[in-house]
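Everything below concerns the one structure shown next.
The values are calculated or read from the model by the stated rules, or taken from the named source; none is laboratory data. Only a predicted model underlies this, so the values are computations on that prediction, with no experimental measurement involved. Note that we place each Cβ from the backbone using ideal geometry, even for glycine, and neighbour counts take in every protein chain shown. Accessible surface areas use protein heavy atoms only, side chains included; no ligands, DNA or RNA. Shrake-Rupley method; radii C 1.70, N 1.55, O 1.52, S 1.80 Å.
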Amino acid sequence: MANYFIKHVKLSSPFLLAPMAGITDVAFRSIARELGAGLTYTEMVSAKALVFGSEKTKQLLETASNEVPCAVQIFGHEPEIMAKACQLPELQKFDIIDINMGCPAPKIVQNGEGSALMKQIDLAEKIIKACVQATNKPITVKFRAGWSEETCSAVEFAKMCERAGASAITVHGRTREQFYSGKSNPEIIKACVQAVHIPVFANGDVFTAQDAYLLQEKTGAYGVMIARGAIGNPEIFSEVTHNVCPYTKLQLIEKHYSFLLHRLPERVVVPAMRVHLASYLKGYDGSSKLRAALMQETSWQNIHDALVAFFKDK
Ligand SMILES: Cc1cc2nc3c(=O)[nH]c(=O)nc-3n(C[C@H](O)[C@H](O)[C@H](O)COP(=O)(O)O)c2cc1C
């Protein structure tokens, strides 16, 4: 595979695992990485909470030993706080700092953060510049097609990011108003690719390796970022990198669980695994009954026994 870079940071593949709050925990990222993801990001973390020393937020900064290089994603709306966050000792282990300017969640947008910044391009520029000045690490930006269909500002936004010093951008081809409905528009991503000289990562609706290649081809993007298509299916990174996943689904679940159990007690890990289990089992014949049963179970031993029995004839 050719070499891929974000500024001076070399990526092992152009297929990146998207940041996903509540999904991309350190265990999942480590698995995705082992299977071929070229870069993994923490879930989005509040710059303000970091600067004010929130212990709970700091826990989100944990990384796995194979996340090399690794990226942290921060969000916020105050340039000074964002810059301060970039300088925190806790962030120095990261190779890349990504700024979230695409999150559509009402509680984020109401604070003028995430995709709300697409309506405040001057403020977005100040934030990026402040971060770029605060650190030598590459600053990257993740955003959407625009706020609404009428205001598809992605191209103008992409140019602003480049001007402000961003080293790469990721464009999700949906507007904020679409949330996750409708289709991601590859045309708007292509227009961004053509408008800037920094690497552009295309994002939206990649559920198979074929989708990833097609999106890259249609948009001319430098690489592709995968989110929902990887949930319960980290094997997608083996597929896109033309490798055979060395693990069965059961082994992936076991890996995920043991990784978390190394760090946290069973009473915390079992509930954390529920959301992943539901996704890992999706699509298997007869899995809905098992999924419903496992959602009530609190003992991993019982869950594991049920999984072993389920996968025996799969
Ligand atoms: C459960 C979930 C959590 C997400 N959390 C984040 C996040 O923390 N930061 C971010 O930039 N995007 C987040 N996203 C958006 C994804 O990174 C991605 O842009 C979007 O899902 C479109 O890509 P896809 O079609 O491959 O899913 C999240 C998406 C989902 C489904």
**Asked** So which residue, out of GLN120, GLN296, GLN178, gets the largest mean-square fluctuation from a GNM of the chain using Cα contacts under 10 Å as springs?
**Response** GLN296
**Message:** Given the options TYR257, ALA309, GLY283, identify the residue whose Cα lies farthest towards the positive end of the charge dipole of the stretch 249-312 (+1 on Cβ of Lys, Arg; -1 on Cβ of Asp, Glu).
**Reply:** GLY283
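For the stretch 249-312, report the accessible area per residue in Å² (1.4 Å probe, heavy atoms, rounded to an integer). It would help to have the intermediate numbers written out before the result.
Working: 3530 Å² over 64 residues.
Each residue of the stretch 249-312 exposes 55 Å² on average to a 1.4 Å probe.
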**Item:** Helix-only CD estimate at 222 nm, as mean residue ellipticity for the chain, using -39500 (n - 2.57) per DSSP H run (n ≥ 4)
**Value:** -13000 deg cm²/dmol
**Fill in**
Rounded to the nearest 10, the angle in degrees between the Cα long axis of helix 300-312 and the longest principal axis of the Cα atoms of the chain comes to 80
**Message:** Looking only at the chain, where both bridge partners belong to it, what percent of the DSSP beta bridges are antiparallel (to the nearest 5)?
**Reply:** 10
**Fill in**
Per residue, accessible area of the stretch 116-200 with a 1.4 Å probe, heavy atoms of protein chains only, in Å², comes to 44
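Per 0.36 nm of contour for each residue apart, how much would the distance between GLN59 and PHE179 grow if the chain were fully extended, relative to their Cα-Cα spacing? Walk me through the intermediate numbers first.
Values: separation 120, 0.36 × 120 = 43.20 nm, distance 2.74 nm.
Between GLN59 and PHE179, full extension yields an extra 40.5 nm.
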**Message:** As a test of understanding, state the convex hull volume per residue of the chain from its alpha carbons, in Å³.
**Reply:** 131
**Fill in**
So for R0 = 35 Å, FRET eff. of VAL244-GLN120 from the Cβ-Cβ r, to 0.05, ends up at 0.15
**Prompt:** Under the definition of Cα pairs under 8 Å and six or more residues apart, what whole-number percent is the relative contact order of the stretch 154-303?
**Reply:** 16
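Could you work out the relative contact order of the stretch 71-117, using alpha carbon pairs under 8 angstrom and six or more residues apart, expressed as a whole percent?
Value for the stretch 71-117: 43 percent.
Keeping the other protein chains in place, figure out the carbon and sulfur percent of the accessible area of the chain, with a 1.4 Å probe.
On the way: 7200 of 13790 Å².
That share works out to 52 percent.
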**Message:** Using a Förster radius of 45 Å, what is the FRET efficiency between LYS10 and GLU150 based on their Cβ-Cβ separation? Nearest 0.05, please.
**Reply:** 0.65
**Asked** So what are the ³J(HN,Hα) numbers for the stretch 255-269, from phi and the Karplus equation (6.51, -1.76, 1.60; θ = phi - 60°), rounded to whole Hz, Gly and Pro as x?
**Response** 4, 4, 4, 4, 4, 5, 5, 4, 10, 9, x, 4, 5, 8, 6
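Could you calculate the contour length gain from LYS282 to GLU297, that is, 0.36 nm times the residue separation minus the distance between their Cα atoms, to one decimal place in nm?
On the way: separation 15, 0.36 × 15 = 5.40 nm, distance 1.79 nm.
Extra length available between LYS282 and GLU297 comes to 3.6 nm.
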**Item:** Nearest 10 degrees, 0 to 90: helix 186-195 Cα axis against the chain principal axis
**Value:** 40
